[in-house]
Amino acid sequence: MQLDLELEVLCGQLIVGGFDGAEPPARYLRALAEGRRGGAILFRRNVPDLDATLRLCAALAAAGGPDRPPFLGIDQEGGRVTRLPAPFLKLPPMRSLGDLMDLPLLRRAARAVASELRAVGINLNFAPVLDVDSNPANPIIGDRAFGRDPRAAAQGGVAFLEGLQEERVLACGKHFPGHGDTALDSHLALPTLAHGRGRLDEIELPPFRAASRAGVASLMTAHIVVEALDPGVPATLSRSICTGLLRGEIGFEGVLFSDDLEMAAIAAHHPIEEAATAAISAGCDALLVCKDEDLQDRAHEALVRRAERDPSFRDRCVEAAARCLGLRRRCPPRPVASPAALAEIVGGPASRAVLADIERARAALAAGAAT
């Protein structure tokens, strides 16, 4: 893709930020309109009800405009990581769906989630989790994973991402190269994975390989150190992991998101300017800075300044922006205009039917286990 963008706009396409409240701040809308942001990530604080969610997404989509449609992303996994309130469909934890071993039902569930997201204008779901829940002491993954072995994690993850993308919502598999066997929460500290490469190839990496083969639109990095791949360097900041392993060996061609650069695993060790430029250099295409608008501005400014003086870094920004814009233009946010049409989709018959089928399948599984 040829990009004819001013440098500030070019670097702005790599920043996906968050903000407080259900009303989009004028500052954020202006940054989107001027090209200093590539989209927004939404949390519970932004989406108190259906009407507010629709208004918010419509305002953000309009600010981005048709030439630079924004990523409008959310973590709508199911279980404890569910941002949208009723009447939006709330799936049970992915582990309980994985245990059913019913991939067509799992794909239907993802399609139902995607239909609701697309209706309000959300074009990116930060799901599925592709981590393998191989450590019972893990404080952050657990039942968010589809299973305790790589085959279950891969099959469940692929079914879910395909269901999302069949309904024109971009999937984002996480957390590469695998956060399942850590004992620390990367929101609070920097975990280390000490396994050798053979173990990684056997357990952690297969779901990401499967997702890449299945055409997952995007992946998200893990803020963890994997000693066998790049000693002492968090995966988000590691060129060996983000480019050498993910692009070179696995062959992933989609957009690579960093996890939130405000998380302590990164922020406690690296100023935002250093983290932002290092993540892009490593091979990330989009940087999540999930709350602080001042930090988003600082990250943007750091990218611009580095690109001004370093032609190879500018080329890396062009590559990243081309990936991001290509994906966003393929799947722009388009909220439905009709309240009646919205009511038919969000919490509508398709969502209720899939939830009823899940409950029946879970009851049958429980009955079988009891006999």
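The values are calculated or read from the model by the stated rules, or taken from the named source; none is laboratory data. Treat the numbers as computed from the prediction; the structure is a model and nothing was measured. Because the Cβ atoms are built from the backbone with ideal geometry, glycine has one as well, and the counts that use them run over all protein chains shown. When the accessible area is computed, the model is the full protein with side chains, heavy atoms only, and any ligands, DNA or RNA have been set aside. Shrake-Rupley method; radii C 1.70, N 1.55, O 1.52, S 1.80 Å.
With respect to (1) surrounded by fewer than 23 Cβ atoms within 10 Å (Cβ to Cβ); (2) out of contact with any strand residue (DSSP E or B) (no Cβ under 9 Å at 6 or more places or on another chain); (3) touching a residue at least 24 places away in the same chain (Cβ under 8 Å), the lone exception for residue 198 is condition (3).
Table: residues versus (1) under 16 Å from the mean Cα position of the chain (by Cα); (2) polar (S, T, N, Q); (3) open to solvent by less than 30 Å² (accessible area, probe 1.4 Å).
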position	(1), (2), (3)
150	no, no, yes
161	yes, no, yes
168	yes, no, no
173	yes, no, yes
177	yes, no, yes
187	yes, no, no
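Looking only at residues of the range 96-136 that are of a type in the set (D, E, K, R), outside any loop (DSSP other than H, G, I, E, B) and open to solvent by 20 Å² or more (accessible area, probe 1.4 Å), we find that the one that is nearest to residue 49 (Cα to Cα) is 118.
Among the residues of the range 324-351, those identified as touching a residue at least 12 places away in the same chain (Cβ under 8 Å), over 30 Å from residue 256 (Cβ atoms) and open to solvent by 50 Å² or more (accessible area, probe 1.4 Å) are 345, 350. Can you find even one residue in the range 75-95 that is in contact (Cβ under 8 Å) with a residue 12 or more places away in the chain, assigned to a helix (DSSP H, G or I) and surrounded by fewer than 24 Cβ atoms within 10 Å (Cβ to Cβ)? Looking through the range 75-95, at least one residue is in contact (Cβ under 8 Å) with a residue 12 or more places away in the chain, assigned to a helix (DSSP H, G or I) and surrounded by fewer than 24 Cβ atoms within 10 Å (Cβ to Cβ).
Has the range 309-317 got any residue that is under 13 Å from residue 280 (Cα atoms), touching a residue at least 12 places away in the same chain (Cβ under 8 Å), open to solvent by less than 50 Å² (accessible area, probe 1.4 Å) and touching a Lys or Arg at 6+ places or on another chain (Cβ under 8 Å)? Yes, the range 309-317 has at least one match. Checked against (1) under 13 Å from residue 78 (Cβ atoms); (2) open to solvent by less than 20 Å² (accessible area, probe 1.4 Å), residue 144 passes all but a single condition, namely (2). For the range 201-215, a residue qualifies if it is open to solvent by 10 Å² or more (accessible area, probe 1.4 Å) and assigned to a loop (DSSP other than H, G, I, E, B), and the qualifying residues are 214, 215. When the residues of the range 250-269 are filtered to those that are closer than 13 Å to residue 279 by Cβ and of a type in the set (D, E, K, R), the one that is surrounded by the most Cβ atoms within 10 Å (Cβ to Cβ) is 259.
Quick check on the range 10-27: of everything there that is more than 21 Å from residue 285 (Cβ to Cβ) and outside any loop (DSSP other than H, G, I, E, B), which residue is most open to solvent (accessible area, probe 1.4 Å)?
Looking at residues that are more than 21 Å from residue 285 (Cβ to Cβ) and outside any loop (DSSP other than H, G, I, E, B), I get 27.
Checking each residue in the range 234-249 for being without any contact (Cβ under 8 Å) to a residue 24 or more places away in the chain and either on the phi > 0 side of the Ramachandran plot or open to solvent by 40 Å² or more (accessible area, probe 1.4 Å) (or both) picks out 240, 248, 249. With a requirement of 3 or more residues that are within 21 Å of residue 165 (Cβ to Cβ), the helices (runs of 4 or more DSSP H) lying completely within the range 230-345 that satisfy it span 311-330.
Tell me, please, whether a residue that is within 19 Å of residue 290 (Cβ to Cβ) and not basic (Lys, Arg) can be found in the range 97-107.
No.
Output the residues belonging to the range 34-74 that are without any contact (Cβ under 8 Å) to a residue 12 or more places away in the chain and either closer than 17 Å to residue 15 by Cα or within 14 Å of the chain's Cα centre (by Cα) (or both). Scanning the range 34-74 gives a single hit, 67.
Scanning the range 270-302 for residues that are surrounded by 19 or more Cβ atoms within 10 Å (Cβ to Cβ), within 20 Å of residue 27 (Cα to Cα) and not hydrophobic (A, V, I, L, M, F, W, C) yields 296, 300. Of all residue pairs spaced 6 or more apart or on separate chains, those with beta-carbon atoms under 6 Å, a first member in the range 159-177 that is polar (S, T, N, Q) and a second member that is open to solvent by less than 10 Å² (accessible area, probe 1.4 Å) are 165/171.
Only one entry in 30, 68 is open to solvent by 30 Å² or more (accessible area, probe 1.4 Å) and under 23 Å from residue 258 (Cα atoms), namely 68.
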